[in-house]
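Enquirer: Below is one structure. I have some questions about it.
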Amino acid sequence: MSIPQAYAIISLFLFFSGLLGIIIRRNLILILVSAELMLNGVNLALVSFDRMVGGIEGQILSLFVLTVAAAEVAVGLALVVALFRLKGYEGSSEITNLRD
Amino acid sequence: MEWLIVIFFGLWAFISTLGVLFLKSPVHAILSFLSVILAVSGMFLHLGAELLAGLQLVIYAVSIVVFYVLVITTIPWEKVKRFGKVNLTQLLLATPVLILSTLITSSAIFEVEFKDSPPPSLESVGKSLFSSYLLPLEVASILLLVAMVGAIAIGRKDA
């Protein structure tokens, strides 16, 4: 086993624990944090696979993933704040209707 | 020696990931996420991706974590604390499935023998970013602008 392979295993662990966090958490903000954990795992996987095959595309792709993560956080947290202000919701189990 | 670094960062990421998953207070969970980010940034540095390690620190550790804490301060604390616990039935149902899928995917990584190539230089990454990936870079900047305008429009008080 080489070192990039070990990092690929760690990235798998990060991705699946982020998925577990999305499933088990009830707080909307912490669900978004778990999604960030998944994105971190994907970034680590891209960079370690990059070392395995000897390219640079993985690093560039994970740079774009970083950009999209920043945009996702801005819009997602704005949605959470708007949802709280209009309805007073903070937990994922309270949102059962799409409108009204 | 190199394996010591891998084990150190791996254990660090493992412990703080458990904190993100199971800590009750949202602020504590977010601080534990910050710890995950620092560990992943160290892994990037070890893998030879210096640009990504720096960007991870600047974008994630500085801007995104601060943004999360800022949003928590806008919501009343009693409302935030009400949903601190994890969902126990979903935890019991999802954990075996996710452990199984982790094992299956990692067996695919173990099966193939990869070579360990030297890390690409920062110069080649920058050159490729501004020549063959110039259009995606510009599209990313437009995406950030649209996200900023959208966040302001959604989060406004009289929306």
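The values are calculated or read from the model by the stated rules, or taken from the named source; none is laboratory data. In this text, all values refer to a predicted model and were calculated from it rather than measured experimentally. Positions of Cβ are generated from backbone atoms using ideal geometry, with glycine treated the same way; all protein chains shown enter the neighbour counts. For the accessible areas, the whole protein counts, side chains as well, though only heavy atoms, and no ligand, DNA or RNA atoms are used. Shrake-Rupley method; radii C 1.70, N 1.55, O 1.52, S 1.80 Å.
Enquirer: Among the residues of segment A:10-39, how many are under 22 Å from B:Phe110 (Cβ atoms) and within 7 Å of another protein chain (Cβ to nearest Cβ)?
Expert: Selection size over segment A:10-39: 7.
Enquirer: Out of all the residues in segment A:70-78, is one or more among the charged types (D, E, K, R) and either over 16 Å from B:Tyr60 (Cα atoms) or within 7 Å of chain B (Cβ to nearest Cβ) (or both)?
Expert: no
Enquirer: Let me ask another. Would you be able to tell me the number of residues in segment A:1-18 that are over 13 Å from the mean Cα position of the chain (by Cα) and of a type in the set (Ser, Thr, Tyr)?
Expert: Counting residues in segment A:1-18 that are over 13 Å from the mean Cα position of the chain (by Cα) and of a type in the set (Ser, Thr, Tyr) gives 2.
Enquirer: Out of the residues in segment B:73-88 meeting the condition of being open to solvent by 10 Å² or more (accessible area, probe 1.4 Å) and touching a residue at least 12 places away in the same chain (Cβ under 8 Å), tell me which one is farthest from A:Gly18 (Cα to Cα).
Expert: Checking each candidate, the answer is B:Lys81.
Enquirer: Let me ask something else. Scan B:Leu93, B:Leu103, B:Leu98 and give me the residue that is at pLDDT 90 or above, assigned to a helix (DSSP H, G or I) and open to solvent by less than 100 Å² (accessible area, probe 1.4 Å).
Expert: Unique residue meeting the criteria: B:Leu98.
Enquirer: Only one of B:Leu135, B:Leu45 is part of a helix (DSSP H, G or I), under 24 Å from the mean Cα position of the chain (by Cα) and more than 7 Å from every other protein chain (Cβ to nearest Cβ); which?
Expert: Values: B:Leu135 fails: under 24 Å from the mean Cα position of the chain (by Cα).
Being part of a helix (DSSP H, G or I), under 24 Å from the mean Cα position of the chain (by Cα) and more than 7 Å from every other protein chain (Cβ to nearest Cβ) holds for just one of B:Leu135, B:Leu45, which is B:Leu45.
Enquirer: In segment A:79-88, is there at least one residue being more than 24 Å from B:Ala94 (Cβ to Cβ) and outside any helix (DSSP H, G or I)? Walk me through it before giving the result.
Expert: Step one: of segment A:79-88, the residues more than 24 Å from B:Ala94 (Cβ to Cβ) are A:79, A:81-88.
Next cut, outside any helix (DSSP H, G or I) only: A:88.
Yes: segment A:79-88 contains one or more residues that are more than 24 Å from B:Ala94 (Cβ to Cβ) and outside any helix (DSSP H, G or I).
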